[in-house]
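The values are calculated or read from the model by the stated rules, or taken from the named source; none is laboratory data. Quick caveat, the model's predicted, so the values are computed rather than measured. As a convention, Cβ positions derive from the backbone with ideal geometry for all residues, glycine included, and neighbour counts pool all protein chains shown. We work out accessible area using only protein heavy atoms, side chains counted, and drop any ligands, DNA or RNA first. Shrake-Rupley method; radii C 1.70, N 1.55, O 1.52, S 1.80 Å.
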Amino acid sequence: MSDYDFDLFVIGAGSGGTRASRMSAAYGAKVAVAEEYRVGGTCVIRGCVPKKLLIFGAHFAEDLKDARRFGWDVPDCRFDWPTLRDNVLADVDRLNGLYTQGLENNGVTIFHERATITGPNEVTLASGKVVRAKTILIAAGAHPHVPSFPGSEHGITSNEVFHLETLPKRVLIAGGGYIANEFAGIFNEFGSKVTLVNRTDVILRGYDAQVRDRLLQISMTKGIEFRFFAEFEKIEKQADESLLVSMSGHDPIEVDCVLFATGRVPNTKGLGLETVGVELNERGAIKVDADNRSTVESIYAVGDVTDRVQLTPVAIREGQAFADTLFGGKPHQVDYHCIPSAVFSHPPIASVGMTEGEARNKLGSVKVYTSDFRAMKNVLAGRHERALYKMICDGVTGRVVGLHMIGPDAPEILQAAAVAVKAGLTKDAFDATVALHPTMAEELVLLK
Ligand code: NDP
């Protein structure tokens, strides 16, 4: 230790870095973390958390409308973006404080500045201070990818969307993945005219085809416009500040805001990785082994910077496994099998395990059970959208290998059901469980 200022120096105080720092310090290591922006990282500051709060806000549009069918005399309501925005940002400040406190309470030294690796055991801070550490952990996250074409600088990304001065009347969302579909729902519920532009006709690649189709159909019914097979050509800012977006295969479109949701790129540039020999993979992410160790013995990496599974709970598990293994005397590796995921679209999607297509390719014999139904509340509300639950089973053993849902509260329901899928239970085990009536979740034990 005498040769080093710290046992562990962590670069990035996001989900993975914070967990690794806190736990390593709790195990007795002397830990420092450098964060150039705000403690909490993408998820807390400009991702999952503020996004989910906007989703809650957006839901009121439908709830207020539906309330009338349930006997409530709701006067015409007006949505005020600055109120929601400022309340959400205030909550982000609160969480930023809690995360900072969590590190400080565990005795972690926080450097609020950028750090660059200048040796296998050395980090140089933006202020010029040089710090030596026995182990370095890179948890620098990722940033939004913006396609390069004339005028693309006029667009914004998920980094800026939470701070918009005013609610745009017309929004173009580029991409067809998580962020695109979530914000399409949010802006549409707030009353903006939303056009989603994608380079193919596949939204949410990786999710089950039937579930994706259902979201597309419901989104279109709600008034979201989709433009497929479109490549951006240019964005021109006009005299009135509106943006004229040209793309292949479609007419130009005039909007007030362009939101790029076209994937995220690992933050590996300018970290000094090449000087010490930390290798990157073909996607520009840090190459690590199952113990999160990079190609340099003293340097590890967790979270989005390694581009394994870009999800907060995964980064947290990687940070935890790192701390347990290096400083806790409890070596273990993250189990990436059966990770549940959700898209907080309107309505939301949730999924765990194999899609029908994947199961057919891998297992050959599969059995598929579905329930296509209108949620009770939607029936009385006169809302015509239908939920879809789909269970994929191994045709030989009956083991449930995939569960895919779209409908109200699907992520809340799937989290519990994912335990059963992860545990390798069979369809019979679901069937043996008595339904909890009347719920939407009961469909899971009544699938035919
Ligand atoms: P996604 O990977 O989900 O989607 C990216 C979309 O952009 C795809 O439709 C992709 O098309 C398209 N695209 C990629 N590159 C280009 C390009 N050069 N030009 C035009 N279109 C392009 O990324 P997101 O940005 O939506 O989200 C980033 C990550 O953040 C997600 O992968 C996810 O891991 C995480 N996230 C998770 C959330 C959750 O758990 N609910 C919510 C938000 C983000 P194609 O399919 O053809 O590649």
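I want to confirm something. Restricting to region 66-97 and keeping residues that are under 23 Å from residue 15 (Cα atoms) and small (Gly, Ala, Ser), which single residue is least open to solvent (accessible area, probe 1.4 Å)? Only one residue fits best here, namely 97.
Is it true that residue 51 is within 16 Å of the ligand (Cβ to nearest atom), basic (Lys, Arg), at pLDDT 95 or above and over 15 Å from residue 115 (Cβ atoms)? Against the criterion (within 16 Å of the ligand (Cβ to nearest atom), basic (Lys, Arg), at pLDDT 95 or above and over 15 Å from residue 115 (Cβ atoms)), residue 51 qualifies. Every listed requirement among (1) within 13 Å of residue 444 (Cβ to Cβ); (2) open to solvent by less than 10 Å² (accessible area, probe 1.4 Å) is met by residue 409 save one, (2).
Which one of these is part of a strand (DSSP E or B) and buried (at least 16 other Cβ atoms within 10 Å of the Cβ): 124, 100? Only one candidate qualifies: 124. Restricting the first member to region 242-264 and to residues that are farther than 17 Å from residue 160 by Cβ and of a type in the set (D, E, K, R), and the second to residues that are in a strand (DSSP E or B) and more than 10 Å from the ligand (Cβ to nearest atom), the beta-carbon pairs closer than 8 Å and six or more apart or on different chains are 254/170; 254/243; 254/244; 254/245. For region 157-182, the set of residues classified as farther than 13 Å from residue 344 by Cα, open to solvent by 30 Å² or more (accessible area, probe 1.4 Å), assigned to a helix (DSSP H, G or I) and touching a strand residue (DSSP E or B) at 6+ places or on another chain (Cβ under 7 Å) consists of 159 only.
Give the residue that is farthest from residue 241 (Cα to Cα), with candidates limited to residues of region 183-199 that are within 12 Å of the ligand (Cβ to nearest atom) and open to solvent by less than 10 Å² (accessible area, probe 1.4 Å). I'd like the intermediate steps shown before the answer.
Our first condition is that a residue be within 12 Å of the ligand (Cβ to nearest atom); within region 183-199, this holds for 183-186, 196-199.
Now narrow it down to the ones that are open to solvent by less than 10 Å² (accessible area, probe 1.4 Å): 183-186, 196-197.
Numbers: 183: 22, 184: 22, 185: 24, 186: 23, 196: 20, 197: 21 Å.
The extreme case among them is 185.
Candidates 235, 224, 179, 218: the one that is within 24 Å of the chain's Cα centre (by Cα), at pLDDT 95 or above and within 14 Å of the ligand (Cβ to nearest atom) is 179. Put simply, of 383, 374 the only residue that is free of Cβ contacts under 8 Å to residues at least 60 places away in the same chain and open to solvent by 30 Å² or more (accessible area, probe 1.4 Å) is 374. Listed by first and then second residue, the pairs with beta-carbon distance under 7 Å, at least 6 apart or on different chains, first residue in region 135-156 and more than 23 Å from residue 32 (Cα to Cα) and open to solvent by less than 20 Å² (accessible area, probe 1.4 Å), second of a type in the set (Asp, Glu) and assigned to a strand (DSSP E or B), are 151/236. Answer with yes or no whether residue 318 is within 16 Å of the ligand (Cβ to nearest atom), on the phi < 0 side of the Ramachandran plot and acidic (Asp, Glu). In short, yes. Conditions first: (1) closer than 30 Å to residue 136 by Cα; (2) hydrophobic (A, V, I, L, M, F, W, C); (3) part of a strand (DSSP E or B). Residue 278 passes all but one, so which condition is the exception? For residue 278, the failing item is (3). Selection of first residues in region 175-192 that are in contact (Cβ under 8 Å) with a residue 40 or more places away in the chain and among the charged types (D, E, K, R) and of second residues that are within 6 Å of the ligand (Cβ to nearest atom) and open to solvent by 20 Å² or more (accessible area, probe 1.4 Å), restricted to Cβ pairs under 8 Å at least 6 apart or on distinct chains, gives the following pairs, ordered by first then second residue: 182/344.
Residues are listed down the side, and each one gets a yes or a no for (1) over 25 Å from residue 334 (Cβ atoms); (2) assigned to a loop (DSSP other than H, G, I, E, B); (3) in contact with a Phe, Trp or Tyr (Cβ under 6 Å, 6 or more places away or on another chain):
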| site | (1), (2), (3) |
| --- | --- |
| 4 | yes, yes, no |
| 33 | no, no, no |
| 37 | yes, yes, no |
| 87 | yes, no, no |
